[in-house]
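Participant: Please see the structure below; I have some questions.
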Amino acid sequence: MQVLNAAGSGAGAGIAWWAHIGGFGAGFLMVKFNSKVPGTGLNKKISRYTARKYTPKLQMIAASSETAGPDLFGNIEISTIESITGAHKLVSIPWGFYKPLYKVKIPPGVKQGTKLKLKGMGKATATGLKGDMYLTVNIKNAI
């Protein structure tokens, strides 16, 4: 569409259209060129500063029942920075078509494999009591 506008002789024709076309072409060539160039070692130095430091605020938890009891178990992923400073996450635990959201506070200094307890978020028993949900902390990019 921009080629048609750039080639036209009306008021819409001009250098700005050709600049957009040139930028698109240059970007396309740079992507192709970048995949062909071997690693120079600079990528490792730069990735330390450009790496994502936080995990998504909203996470979907696939709950499973490891025992016959009413307790449920799942995993939550956090980054190294979040394990040091602590974080607040929203988790969704799907129950069929019902997907409620819960706030989870990750305490500062949490370690890999720590279990966080969400009281009353497990399965209901025949007597009406609810079990607990245990979230195992998985730290991405662990130091």
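The values are calculated or read from the model by the stated rules, or taken from the named source; none is laboratory data. As the structure is a computational prediction, the values presented were derived from the model and not from experiment. FYI the Cβ positions are ideal-geometry reconstructions off the backbone, even for glycines, and counts take in every protein chain you see.
Participant: Quick one: which of V137, V104 is assigned to a strand (DSSP E or B), under 28 Å from T50 (Cβ atoms) and free of Cβ contacts under 8 Å to residues at least 60 places away in the same chain?
Facilitator: Going through V137, V104 in turn, the sole match is V104.
Participant: One residue is enough: does the stretch 124-133 have a residue meeting the conditions among the small types (G, A, S), without any contact (Cβ under 8 Å) to a residue 60 or more places away in the chain and in contact with a Phe, Trp or Tyr (Cβ under 7 Å, 6 or more places away or on another chain)?
Facilitator: Checking the stretch 124-133: not a single residue is among the small types (G, A, S), without any contact (Cβ under 8 Å) to a residue 60 or more places away in the chain and in contact with a Phe, Trp or Tyr (Cβ under 7 Å, 6 or more places away or on another chain).
Participant: Hey, another quick one. Let me spell it out: the conditions are (1) in a helix (DSSP H, G or I); (2) small (G, A, S); (3) farther than 30 Å from R48 by Cα, and G120 meets all of them except one. Which number is the exception?
Facilitator: Here G120 meets the rest and fails (1).
Participant: Right, something else. When you go through S83, S79, S64 one by one, which is the residue that is hydroxyl-bearing (S, T, Y), exposed (fewer than 10 other Cβ atoms within 10 Å of the Cβ), modelled with pLDDT of 75 or more and in the same structural domain as T136 (by TED's automatic domain parsing)?
Facilitator: The conditions single out S64.
Participant: Same structure, new question: Among the listed residues G113, G96, G120, G128, identify the single one that is at positive phi and at pLDDT 90 or above.
Facilitator: G113
Participant: Can you tell me which residue is nearest to the chain's Cα centre (by Cα) among those in the stretch 63-92 that are free of Cβ contacts under 8 Å to residues at least 24 places away in the same chain and closer than 26 Å to A126 by Cα?
Facilitator: This residue is S64.
Participant: Out of the residues in the stretch 38-58 that are under 16 Å from N141 (Cβ atoms) and in contact with a strand residue (DSSP E or B) (Cβ under 7 Å, 6 or more places away or on another chain), state the one that is modelled with the highest pLDDT.
Facilitator: Looking at the filtered set, the residue picked out is T55.
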